[in-house]
Amino acid sequence: MKIKKDNLKKYSLLSSQIRETILKASFECNERTHIGGALSMVEILAVLYENYIKKNGLNKFILSKGHGFLGLLSALYCKKFISKKKLSSFQKNGSELIAHPIVDIKNGIESSNGSLGQGLSFASGIALSYKKRKKKGKIFVLVGDGECYEGSNWEAAITATELNLNNLFLIVDCNNFQNDGKINKQMNWSNLVKKWKGFGWNTIKGDGHNLQTISNALKKIHKNKPTVFLAKTTKGKGVKFMERNNDWHHNRLTKNLYLQALKQI
Amino acid sequence: MNNKILSQWSRMGPRAMFGQFMIDIGKKNKDLMVISADLGRSSGLDRFKAAFPNKYLSVGICEQNLIGIASGLAREGYKVFITSFAPFLSMRASEHIRMNLGYMKHPVNIVALGSGLSMGFLGNSHFGLEDVSIMRTIPGLKIFSPADSLELKKILFDLSNNKRGPSYVRLTGIPGSPIVYEKDYKYKFKKPNILSNGKDCLILSTGSVLGQVKVASKLLKKSKIDPCIINVHTLKPLNIPFLKKYINNFKYIITIEEHTIIGGLNSVLSQNFISEFNNKKIFNISLPDEFGPTGDYEYLLDYHGLSGKKIFRKIKNFLKN
């Protein structure tokens, strides 16, 4: 299904804004931040926040991959969930806006995360309550590919199919890296596709930076299965010296590098 | 509430009674969810499930996932009670409890079955020896340890009628464990309950082992020792002013619990009353910091000095010195 040019433009514009905000917030806090993993989820966030997630809306987004919070935070800022002033408190002493999300529903942060493998079960609980109350709305969850090592994800994967949670939509940010480097073959993109299929999920795969692909994927709904979108992404996407360079998993941006990065996006 | 009913409840045991009480709670609460990780039958929930199929869910043998799902339902406004055996909840799912019930404060009620030594021949893998110790470190999690089925009922009703936040209810005892409350009484959240108002020593205890304490108390009275017995049914938050008043009035203080010496009632009290305990004689009966033998419940309580007779003898010796 081809999306309208206007929409594509909107997604593209929002992606650029999110990317810029990620770099800016990272530079301004003058601390090490999770830049690489934030940059890999930008296009996914752009489509989600342009099209699905509204303030106090029925659709929800749970960031299970908590260390991607810099990305989520930037999307929340660009879509005016949080103010410039609030954004400027990112990773400042005493702030609630830190490396991992702390639940703050009125500002669009749906859960506290940071310990991996917990978001999918929590989101299943919300999705189940929607089903029971016949509430419309989709519960989106984002996990990392490295995060898929956590066994609790697979516990949730089993119950979500048994409970027919077709309002649950999982996105796996397959950027092929984890803290210590490249992820093991077992968890690579093509193996993850097999795994989720094997667990009975409606499984879609595609380029996690292609706005058309993401937009089509997020529309998918199965009549009784939860859906997973295995999004192939690039860690550090958009900034050449960060792309596939795991030094940028958690690092500090100097002024020089910040200016260099801004030019590239 | 007559004695006949209470005896019947005691015969059925805390797990079966939990299932029964949930039926009453189910009648009154539209947005109730009771979830188990494959231990619905062990939680006495068969009748509940039949009566309210829409309010019951079995998620399978996956305690971490159980906590997450419960947390999501609680977020959406459901009153949620979850059950499994004590170690599987308090230890296997501990960090999920920390994130979901602690950090996010989602008001899920954990009902931990078969805690203490009550799993008998199933052994240490199933015992709840250290659950209080672990759960107590999670900020905001309230910890209840009912003495018998009547108290369990009062705690469950209190949790379902009030917004107490996340909680951990520790079930000890087996079918036939002695009744602690022989008639109805007034339960008040957080307020310890005086079971016997003696003057010779102060016994602070919690959970179904209070049934054994009562047996010991009868023997002590025959030996002309009249103990004051306080049921500390709520270990967190602790009612410090109430307990302080009593602790100040006694020289001999005995703590009795079906939990390891590390982090249970004795630790809770020692930590809160360090200066009060300074000039007193303190004696503790609890489980040792080790994996002990296996046997039936009666054998295990006696082995660890927690049977009525052993408690009696230990206290008598303690007071002699």
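Below, the figures for the structure above:
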{"read-out": "Out of B:Ser275, B:Ser270, sole residue that is under 22 Å from B:Met135 (Cα atoms) and hydroxyl-bearing (Ser, Thr, Tyr)", "value": "B:Ser270"}
{"read-out": "Residue selected from the range B:13-51 under the condition without any contact (Cβ under 8 Å) to a residue 40 or more places away in the chain and closer than 18 Å to B:Ala74 by Cβ, by the criterion farthest from the other protein chains (Cβ to nearest Cβ)", "value": "B:Gly26"}
{"read-out": "Single condition B:Lys214 does not satisfy, out of (1) in contact (Cβ under 8 Å) with a residue 60 or more places away in the chain; (2) surrounded by fewer than 16 Cβ atoms within 10 Å (Cβ to Cβ)", "value": "(2)"}
{"read-out": "Those residues of the range A:233-247 which are touching a strand residue (DSSP E or B) at 6+ places or on another chain (Cβ under 7 Å) and outside any loop (DSSP other than H, G, I, E, B), in sequence order", "value": "A:Asn246"}
{"read-out": "Residues of the range B:73-105 classified as in contact with a Ser or Thr (Cβ under 8 Å, 6 or more places away or on another chain), surrounded by fewer than 23 Cβ atoms within 10 Å (Cβ to Cβ) and touching a residue at least 60 places away in the same chain (Cβ under 8 Å), total", "value": "1"}
{"read-out": "Matching strands (runs of 3 or more DSSP E) fully within the range B:222-321 where at least 2 residues are over 19 Å from the mean Cα position of the chain (by Cα) and buried (at least 20 other Cβ atoms within 10 Å of the Cβ)", "value": "B:227-231"}
{"read-out": "Boolean, B:Leu66 is within 21 Å of B:Asp158 (Cα to Cα), of a type in the set (A, V, I, L, M, F, W, C), facing chain A (nearest Cβ under 9 Å) and crowded, with 19+ Cβ neighbours inside 10 Å", "value": "no"}
{"read-out": "Within the range A:197-213, tally of residues that are touching a Gly at 6+ places or on another chain (Cβ under 6 Å) and at positive phi", "value": "0"}
{"read-out": "Single residue of B:Ser118, B:Ser177, B:Ser145, B:Ser149 found to be surrounded by 21 or more Cβ atoms within 10 Å (Cβ to Cβ), hydroxyl-bearing (Ser, Thr, Tyr) and outside the structural domain of B:Met22 (by TED's automatic domain parsing)", "value": "B:Ser177"}
{"read-out": "Enumeration of residues in the range A:212-232 that are assigned to a loop (DSSP other than H, G, I, E, B), out of contact with any Leu (no Cβ under 9 Å at 6 or more places or on another chain) and basic (Lys, Arg)", "value": "A:Lys220, A:Lys223"}
{"read-out": "Of all residues making up the range A:146-164, the number that are more than 19 Å from the chain's Cα centre (by Cα) and either facing chain B (nearest Cβ under 8 Å) or closer than 17 Å to B:Ile67 by Cβ (or both)", "value": "7"}
{"read-out": "Scope the range A:201-221; condition surrounded by fewer than 16 Cβ atoms within 10 Å (Cβ to Cβ) and either aliphatic (A, V, I, L, M) or in contact with a strand residue (DSSP E or B) (Cβ under 6 Å, 6 or more places away or on another chain) (or both); matching residues", "value": "A:Asp207, A:Lys220, A:Ile221"}
{"read-out": "Residue in the range B:190-200 that is charged (D, E, K, R), over 22 Å from B:Arg313 (Cα atoms), out of contact with any helix residue (DSSP H, G or I) (no Cβ under 8 Å at 6 or more places or on another chain) and modelled with pLDDT of 95 or more present", "value": "yes"}
{"read-out": "Residues of the range A:148-185 that turn out to be surrounded by fewer than 24 Cβ atoms within 10 Å (Cβ to Cβ) and of a type in the set (Asp, Glu), as a count", "value": "3"}
{"read-out": "Failed item, numbered, when B:Arg41 is tested on (1) modelled with pLDDT under 95; (2) surrounded by 17 or more Cβ atoms within 10 Å (Cβ to Cβ); (3) not acidic (Asp, Glu)", "value": "(2)"}
{"read-out": "Selection within the range B:160-189 - under 14 Å from the mean Cα position of the chain (by Cα) and outside any loop (DSSP other than H, G, I, E, B)", "value": "B:Ser167, B:Tyr168, B:Val169, B:Arg170"}
{"read-out": "A:Trp196 vs. criteria among the aromatic types (Phe, Trp, Tyr), assigned to a helix (DSSP H, G or I) and within 14 Å of another protein chain (Cβ to nearest Cβ)", "value": "no"}
{"read-out": "Of the criteria (1) under 25 Å from B:Gly207 (Cβ atoms); (2) within 11 Å of chain A (Cβ to nearest Cβ); (3) surrounded by fewer than 24 Cβ atoms within 10 Å (Cβ to Cβ), which one B:Leu6 fails", "value": "(2)"}
{"read-out": "Any hit, the range B:142-154, residues being more than 14 Å from every other protein chain (Cβ to nearest Cβ), farther than 26 Å from B:Lys4 by Cα and of a type in the set (S, T, N, Q)", "value": "no"}
{"read-out": "Check on B:Leu202, touching a residue at least 40 places away in the same chain (Cβ under 8 Å) and assigned to a strand (DSSP E or B)", "value": "yes"}
{"read-out": "First in the range A:249-265 and surrounded by 14 or more Cβ atoms within 10 Å (Cβ to Cβ), second anywhere and in a helix (DSSP H, G or I) and of a type in the set (S, T, N, Q), Cβ under 6 Å, 6 or more apart", "value": "A:Leu253/A:Ser26"}
{"read-out": "Residues (of a type in the set (Val, Ile, Thr) and closer than 18 Å to B:His233 by Cα) located in the range B:191-219", "value": "B:Ile194, B:Ile203, B:Thr206, B:Val209, B:Val213"}
{"read-out": "Top-ranked residue of the range A:85-125 - restricted to ones that are more than 14 Å from every other protein chain (Cβ to nearest Cβ) and of a type in the set (Gly, Ala, Ser), ranked as surrounded by the fewest Cβ atoms within 10 Å (Cβ to Cβ)", "value": "A:Gly94"}
{"read-out": "Lone unmet requirement of (1) farther than 17 Å from B:Leu265 by Cα; (2) touching a helix residue (DSSP H, G or I) at 6+ places or on another chain (Cβ under 6 Å); (3) touching a residue at least 60 places away in the same chain (Cβ under 8 Å) for B:Phe144", "value": "(1)"}
{"read-out": "Test: residue in the range B:56-72 that is in contact (Cβ under 8 Å) with a residue 40 or more places away in the chain and more than 26 Å from A:Ile158 (Cβ to Cβ)", "value": "no"}
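The values are calculated or read from the model by the stated rules, or taken from the named source; none is laboratory data. Just so we're clear, the structure is a prediction, and the values are computed from it rather than from any experiment. In this analysis, Cβ positions are derived from the backbone assuming ideal geometry, glycine residues included, and neighbour counts consider all displayed protein chains.
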